[in-house]
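Student: Please read through the structure below; I'll follow up with questions.
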Amino acid sequence: MNNHYELPLEESGYNFAFLDEFAKREVRRCILKAIAIPGYQTPYASREMPMGRGFGTGGLQLTLSLIGPDDTLKVIDQGADDSVNAVNLRQFAELTCPGINTTELTAEASLIQSRHRIPERPLSEDQVLVLQVPYPDPLVIVEPSEARRKVMHGEGDYSRLLTKLYEDIVQFDEITISHRYPTRINGHYVIDPSPIPRYDLLKLNQSASLTLFGAGREKKIYAVPPYTPAEPLVFDDVPFRIESFVDHAGERLACSRCGSRNSFLDEITQDDGEQHWHCSDSDYCNQMLMQAATDEESKS
């Protein structure tokens, strides 16, 4: 999106946040139902947006339906604030929501829209996290019929999904799902938690913030309300395992930029072929650098 683009005068008076009030009201009603039934996939009338489906239209509709002039918005993609998807969605929100504040600081944001990551910094009760979702139903890999999947969800019948996980263990000695790991919400519904890594799943459990999931192409909204149990689907004798980020000597890898050993890391290959590890969450990495600089100043 062009940073210098301005709406034509004849179109500059259209509704705040692009969507009309009836559309936003319908989305908010679906959000309330999703919160009342944690993990339930609430159908809604997904609107056409000025971008292709699959590029965050579901999450964007949630954000535009919730945002107000006094809100502060943060948009991230794979943890970064400066990636193409994050920049375009942020600029669209700034263009269509005059008066709102945007930030790259997790602590300052009242509304956070994310693609594929949950921020490293724990969220608070007055923050809302919106996750973009490509495929909302974890049962789609074992049951092609949506009508049958609805019955299975209602009955809490996830035996075929457990069988799929068991086959992974038999064939590979572990469950090989690296992202979109099926997660049981409040003891009943199993959700697809968006393509977030296993590392982030534990942050959903008893989180202080409200987490909303929007799938624009599939026309579904679901939620994990604050302080709600969220448990990865596992077997009693096969513990859930997250990404370890250890080297050949068994040492935890550190971010080559800030030195953190407590964050989710991305592997970066330089032009010379050398590999480095960086924090996926750019705000967290910057905050760690600032903290290290402050500590150095206090010592000197």
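The values are calculated or read from the model by the stated rules, or taken from the named source; none is laboratory data. This one's a predicted model, so the numbers in the text were calculated from it and none came from an experiment. Neighbour counts run over all protein chains shown; Cβ positions are idealised from the backbone, glycine included. Side chains are part of the model used for accessible areas, which takes the heavy atoms of the whole protein and leaves out ligands, DNA and RNA. Shrake-Rupley method; radii C 1.70, N 1.55, O 1.52, S 1.80 Å.
Student: Here is a check on your reading of the model: is residue 166 surrounded by 12 or more Cβ atoms within 10 Å (Cβ to Cβ), touching a residue at least 12 places away in the same chain (Cβ under 8 Å), within 24 Å of the chain's Cα centre (by Cα) and under 23 Å from residue 202 (Cβ atoms)?
Tutor: Criteria not met by residue 166.
Student: Name the one entry in 231, 218 that is open to solvent by 30 Å² or more (accessible area, probe 1.4 Å), of a type in the set (D, E, K, R) and part of a strand (DSSP E or B).
Tutor: Details: 218 fails: part of a strand (DSSP E or B).
Exactly one residue qualifies, and that residue is 231.
Student: Just to verify a result, which residue in the range 76-102, among those that are over 17 Å from residue 19 (Cβ atoms) and of a type in the set (A, V, I, L, M), is nearest to the chain's Cα centre (by Cα)?
Tutor: 76
Student: A further question on this structure: Any residue in the range 80-90 that is in contact with a Phe, Trp or Tyr (Cβ under 6 Å, 6 or more places away or on another chain) and under 24 Å from residue 220 (Cβ atoms)? Lay out the reasoning, then the answer.
Tutor: Step one: list which residues in the range 80-90 are in contact with a Phe, Trp or Tyr (Cβ under 6 Å, 6 or more places away or on another chain), which gives none.
No.
Student: May I ask you to list the residues in the range 257-286 that are in a loop (DSSP other than H, G, I, E, B), open to solvent by less than 70 Å² (accessible area, probe 1.4 Å) and within 27 Å of residue 123 (Cα to Cα)?
Tutor: Across the range 257-286, the qualifying residues are 258, 259, 260, 263, 264, 280, 281.
Student: Counting only residues that are open to solvent by 10 Å² or more (accessible area, probe 1.4 Å) and of a type in the set (D, E, K, R), which one in the range 108-145 is farthest from residue 260 (Cα to Cα)?
Tutor: The residue in question is 143.
Student: On the basis of being in contact with a strand residue (DSSP E or B) (Cβ under 7 Å, 6 or more places away or on another chain), of a type outside the set (Asp, Glu) and either open to solvent by less than 40 Å² (accessible area, probe 1.4 Å) or at pLDDT below 95 (or both), does residue 34 make the cut?
Tutor: yes
Student: Would a scan of the range 188-198 turn up a residue that is surrounded by fewer than 22 Cβ atoms within 10 Å (Cβ to Cβ), without any contact (Cβ under 8 Å) to a residue 40 or more places away in the chain and part of a helix (DSSP H, G or I)?
Tutor: No, every residue in the range 188-198 fails to be surrounded by fewer than 22 Cβ atoms within 10 Å (Cβ to Cβ), without any contact (Cβ under 8 Å) to a residue 40 or more places away in the chain and part of a helix (DSSP H, G or I).
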